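Q: Take a look at this one; I'll ask things after.
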Amino acid sequence: MARQMVAALRLAGHRVELASRLRSLDLAGSPAAQAGIRARAEHEIADLSRRWAAAAPDLWFTYHLYHKAPDWIGPALARTFRLPYVVAEASHAPRRAHGPWAAGHDAAVAALRQARTVFHLTAADRPALAALIRAPTRLLALPPFLDLAAFPERDRGAARRALGARLGVPADGPWALTVAMMRAGAKQRSYEQLAAALGRLTDLDWRLLVAGDGPAGAAVRAAFRPLGDRVAFLGLVAEPDLAELYAASDLFLWPAVDEAYGMAFLEAAAMGVPAVAGRHGGVAEVVADGRTGLLVAPDDDDAFAAAVARLLADADLRLRLGAAACRIARAERGLAAAAERLEAGLRWARA
């Protein structure tokens with residue numbers, strides 16, 4: 001998403017420079033690690049202040065700050081150089097005001113209060129952010145988006161035949177697709193839930209393609225082992241090749257445990273592939289239940305299996321949902337639409 005932000009800002013006519021590569025993320029909740037990150041941030045602030053002495057930028061734009069990854073750099077530089085400070089995809093968790101991430105929580109709150117404009121990508125984030133940002137004009141919706149040029153529309157039959165021949169996978173019957181990294185935690189739980197749901201559907205005709213790999217790869221493959229050769233693991237797939245996978249598939253499956261929104265759902269939609277997803281976080285921002293796919297209650301394997309079975313049995317429904325997904329994604333979720341929304345917010349920030 002960060003790369004998409006840069007592309008949309010450039011499309012809107014801005015020159016974008018990456019000011020720092022410092023990672024402020026601390027997943028462990030270690031005060032010592034956070035202190036070290038903050039010390040490195042102070043060095044970055046001093047270095048950037050020297051570099052900008054002759055010519056500073058016009059605006060600071062921070063993407064995705066929250067208590068585990070606060071912005072230790074931007075607010076200070078924005079104050080020093082009197083720059084508009086803008087944030088996209090922030091979240092606010094008041095329950096983290098105490099505990100191992102208290103310092104990060106306080107820094108994130110201070111940054112959000114300083115921001116001239118805050119873009120939220122999901123409706124789920126808005127209520128907590130609104131408690132900090134009282135002026136409605138400062139809190140703006142920016143739905144998830146992607147560069148549609150990377151996902152050109154293709155004939156599904158031709159894509160299926162070509163990919164099936166290359167992978168040695170029979171081209172008959174419905175193909176389902178999953179695209180996700182294999183990491184411990186939420187990703188692994190999603191894979192395990194998907195395997196459990198599909199295990200209830202062995203009497204139906206389907207094949208699953210899995211694009212992704214990672215440190216939890218062995219555990220993920222073990223979860224799917226009872227399904228035999230119905231599941232084809234493709235390993236890591238380069239982004240330019242993902243469009244072919246989507247184009248060849250009939251439906252996209254992902255339980256989306258603790259997912260913020262899921263870019264893969266949007267990629268699938270752009271290629272006309274309906275999704276079955278768990279209703280976690282902001283997934284409803286990219287999968288419209290009954291319109292572009294089917295959403296089920298979180299962590300309900302039976303409900304997930306039932307939704308998959310419904311789409312497997314109804315090719316007309318798959319086509320209707322897929323066509324609507326493609327139409328909406330291409331009309332509303334491309335770089336051009338995002339560039340317009342971003343520019344409107346930046347105009348307000350600079351005013």
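Just so you know, all these numbers are worked out from the coordinates, no wet-lab data involved. Quick caveat, the model's predicted, so the values are computed rather than measured. For neighbour counting, all protein chains shown are included, and Cβ atoms are generated from backbone atoms with ideal geometry for every residue, glycine included.
Q: Do any GluC sites (Glu not before Pro) in segment 1-77 lie in a DSSP loop with no more than 10 other beta carbon atoms within 10 Å, and if so, which?
A: Glu17
Q: For helix 335-350, what angle does its Cα long axis make with the longest principal axis of the chain, in degrees from 0 to 90 and rounded to 10?
A: For 335-350 against the chain, the angle is about 20 degrees.
Q: Give me the distance in nm between label points sitting 7 Å out from Cα along the Cα-to-Cβ direction at Ala171 and Ala196, one decimal.
A: Result for the modelled spin labels: 3.7 nm.
Q: Helix 31-51 sits at what angle to the longest principal axis of the chain, using alpha carbons and giving 0 to 90 degrees rounded to 10?
A: Computed tilt is about 60 degrees.
Q: Just rank Thr292, Thr80, fewest to most, by other beta-carbon atoms within 10 angstrom.
A: Lowest count first: Thr80, Thr292.
Q: Using only Cα atoms, tell me the angle between helix 156-167 and the longest principal axis of the chain; keep it within 0 to 90° and round to the nearest 10.
A: In the chain, helix 156-167 runs at an angle near 90 degrees to the longest axis.
Q: Identify which of Ser24, Ser49, Ser249 has the largest mean-square fluctuation in a Gaussian network model of the chain, with springs joining Cα atoms closer than 10 Å.
A: Highest fluctuation among the options: Ser49.
Q: Exposed loop chymotrypsin sites (Phe, Trp or Tyr not before Pro) only (DSSP loop, at most 15 other Cβ atoms within 10 Å): please give the longest stretch of the chain free of them, not including the sites. Can you show the working numbers first?
A: Numbers: sites that count: Trp52, Phe81.
Longest run free of exposed loop sites: 82-351.
Q: How high is the relative contact order of segment 128-214, in percent, with contacts defined as C-alpha pairs under 8 Å that are six or more residues apart?
A: Here the relative contact order equals 29 percent.
Q: Normalising by the residue count of segment 270-317, find the relative contact order in percent from Cα pairs under 8 Å and 6+ residues apart.
A: 33 percent
Q: For the chain, what's the relative contact order in percent, using C-alpha pairs closer than 8 Å and at least 6 residues apart?
A: Values: 626 pairs, mean separation 58.4, N = 351.
It rounds to 17 percent for the chain.
Q: As a test, work out the antiparallel percent of DSSP beta bridges whose residues both lie in the chain, rounded to the nearest 5.
A: Antiparallel bridges make up about 5 percent of those DSSP assigns within the chain.
Q: Please label the shape of segment 148-332 as rounded, prolate or oblate, based on the square roots a ≥ b ≥ c of the eigenvalues of the alpha-carbon gyration tensor (a/c under 1.5 means rounded; beyond that, a/b larger than b/c means prolate, else oblate).
A: Note, shape of segment 148-332 comes out rounded.
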